[in-house]
Every structure is written in C-alpha cells, then in structure tokens.
Amino acid sequence: MSYVIVPISLGGSLNRGIFYPPIQEKTSLELIPSMIENYNVHRGHVDEVAFFHGGTVSPQAIALISGYKWRLSVHPLDCMRADAIRYIDWGITAIELEAFSLCDDVLSGIKAGYSLNYLSQQLSFFKEKGVRVGMVLSPGMFRSSFEHCVRTVQICIDLGVSFVRLYPVCVYKNTKLEDWWKEGRYTPLNLSETVTILREMMDRLSAAKIEVIRVGRHDAHDGFMESVAGPKHSNLRGLVENRRFFDKIAAQLCAQGDDIQRIVVHPKDVSLAKGIQGDTIRLLRARLDRELVLEVDELVPRGEVWTKKKQ
C-alpha cells in the first residue's frame, strides 16, 4: 500500500533571500478539510499531512488536521525557538530545514541570514524531542563549489540528519538571482556538472544510510517557480542513478581480466544497468574493447553487480 501525503502550501516565506520567487497564494483553511477528504476517497487513506513553502503553521490549520501525522518544510528563519516549541506541542513528526548549504561562507554569499551554528541548534532541539530532521540542500549556490557540496554532506552526516532533498539551483523568474544571472554575476551549473556533483553527494549519503527522498525540483504548472536557467531535467534522479550504476559496473570490469564479459544484475535493476537509451553497455564495450552481455538473476541483491567469465 502506498504512503499517502496531503500537501498543504503555506505560500512561501517572507525570508526569501536572493533566489526564491515571489510569495504565492497559500492553501486556504477552508480548503484543507476537503483536500483531506478527497485524498481519503480517491486514495483510500491518508498517512500524513505535509506543510510546504513555509512560512509558519497556524493553530487553526493544526486543528483542521487533528488525528493525522504532520510534517513541515520551512525556511530556517521561520522556525524560531518559540515556533519550534509550538510545533513540538502540536505533535510534529518530521521537519525539513531549507538550509541549501551548511557552509558559512556560502550562506553569507547568498545573504541567508543564518549560520551553521543556528542550523545545528535547530536540528539538535528537534532531534532531542524525537522529531526526524531533514535538510534541503542546493548544489550550485552562489560562490559554492564541488568542495562546498562535499563538506555540506559531511556536516549532515556528522549532525545525524535523517533525510535529505537535493534541489540543484535553478534561476527563477522575478528573483534577485535572475538579475545576477542577466548581469553575468552568477552562472548556474550545467547538467553535466550537476550530475557529477549529485553523484558524489548521493554516494556519500547512501554510504551513511541517509535517505535522499527527492532529487530535482520541477516548475509549477501555475507558473510559480518558473525557471529561466539552470540544470532542468524531467528525470534528474534517473540521470544520477544511471551514472552511479555505470561507474559501479565499470569499476568492477576494469579491476578484472578481459575474460570477464558477463554483467549480471537483479531483474529490477535492468533499466539502471542499460542506462539512458541503452547506452551503458555500448559505452563499456567501446571503453574496454571487449564483448559484453547483460544478464539477470534474482539471486543478485538489488543495487549490486556480479560479473562472470564468458561461457
């Protein structure tokens, strides 16, 4: 049975920084009960209510979701200690801090208004109360580098973050960042650079058993958060996962002799092993100058690769 979440927009934070789009209309209080009812009718049940585009959550909204678990994605400056205490009292189960980076030099460059120390205190407070804490991270920030992204991931690991969203920076309309982009003061990552950085971040997060719950953000259908530049792709996570799987296969084959020609994966990993447009095997054949075949075997654990000699 799928996990069903009802999304409730808070309209956005007044602490917008340099790259957030303008405030949008938030979900009205009158609409919340009907949204929950609609999900119950059409999806069969509701597991959780998620407030996003925070902003702060009102007691009136909490009263309307009584009996349901709830979570919040919030700008760090919209979650002061008094807000945090209220959220604990109201039974919050998970919070996502839209931190973007955990490097102070990057945070000062985007005029974030908060520091790593501030974020660490927020995270510690919620963790002590038994709340799962996640981070929204955005590679490609102004004055950010590959090394900054790696350092941010390591800080997440050290702090004991529960989960992460990876949203590479895109330039959105009607933002300060759009002005900087037009003036030549800011250049977003291209798609290739983005995949390389995300691959490294995801490898490290995976090794630390930190779940990456989403990769990439899509433009809203209503025009809110319409991007004009940056690494947009309909399946960014798929690109990264294919790169990770390609590198895993290549590393094993390169460490073995030329008589290793059979690549064996779990049936559910076939699409990853084949790659985008089935180019993985072709690229490996060209790189290694050997004949290769792809096979499936349910005995192979998901995510792993077995290699065998030619039959």
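Structure notes:
- When each of 129/232; 127/248; 111/209; 129/268; 26/173; 127/232 is checked by Cα-Cα distance, pairs over 28 Å: 129/232; 127/248; 111/209; 129/268; 127/232
- DSSP-defined antiparallel bridges as percent of all bridges, the chain, nearest 5: 15
- Here's the picture: a label point sits 7 Å out from the Cα of residue 206 along the beta-carbon direction, and within the stretch 265-280 the residues with their amide nitrogen under 17 Å of it are 265-276, 280.
- Here the sum of -39500 (n - 2.57) over DSSP H runs of 4 or more residues, divided by the residues of the chain, equals -11500 deg cm²/dmol at 222 nm, to the nearest 500.
- Candidate cross-link partners of residue 310 among the aspartates and glutamates, defined by an alpha-carbon separation under 18 Å and a same-chain spacing of 8 or more, comprise 258, 259, 289, 291, 295, 297.
- Phi angles of the stretch 227-238 translate, via the Karplus equation with coefficients 6.51, -1.76, 1.60 and θ = phi - 60°, into HN-Hα couplings of 8, 10, 7, x, x, 8, 7, 5, 9, 4, 4, x Hz per residue; Gly and Pro are given as x.
- Taking other Cβ atoms within 10 Å as a rough exposure proxy, 4, 46 sort from fewest to most as 4, 46.
- Distance between the pseudo-spin-label points of residue 289 and residue 187 (7 Å out from Cα toward the beta carbon): 3.6 nm.
- For the stretch 241-309, the fraction of alpha-carbon pairs in successive 5 Å shells from zero, as %: 3, 18, 33, 28, 14, 2
- Inter-label distance, nm, simple model (7 Å from Cα along the C-beta direction), residue 124/residue 311: 6.0
- Cβ-based exposure ranking for 93, 175, 152, in which fewest neighbours within 10 Å come first: 93, 175, 152
- The length gained by stretching the chain between residue 174 and residue 43 to full extension, at 0.36 nm per residue less their Cα-Cα distance, is 43.5 nm.
- For residue 230, the residues 5 or more places off, or on other chains, whose built amide H falls under 5 Å of its own are 171.
- Residue 69/residue 104 FRET efficiency (R0 41 Å; Cβ-Cβ; nearest 0.05): 0.75
- Placed amide H near residue 49: partners under 5 Å, 5+ positions off or other chain: 6, 69, 70, 71
- Computed from the C-beta positions of residue 14 and residue 88, the FRET efficiency with R₀ = 30 Å rounds to 0.85.
- Proxy reagent accessibility, fewest Cβ within 10 Å first, across 146, 245: 146, 245
- Taking a sphere under 13 Å around the Cβ of residue 268 and counting the other residues whose Cβ falls inside, with K and R at +1 and D and E at -1, yields a net charge of -3.
- Each of (1) 0.92; (2) 1.07; (3) 1.12 is a candidate for Cα Rg over 2.2 N^0.38 Å; the one calculated from this structure is (3).
- Under a model in which nothing but the beta-carbon of Lys, Arg (+1) and Asp, Glu (-1) is charged, the chain shows a dipole of about 420 debye around its Cα centre.
Just so you know, all these numbers are worked out from the coordinates, no wet-lab data involved. Remember, predicted model here, so these are calculated numbers, not experimental data. Glycine also receives a Cβ, built like all others from the backbone with ideal geometry; neighbour counts cover every protein chain displayed.
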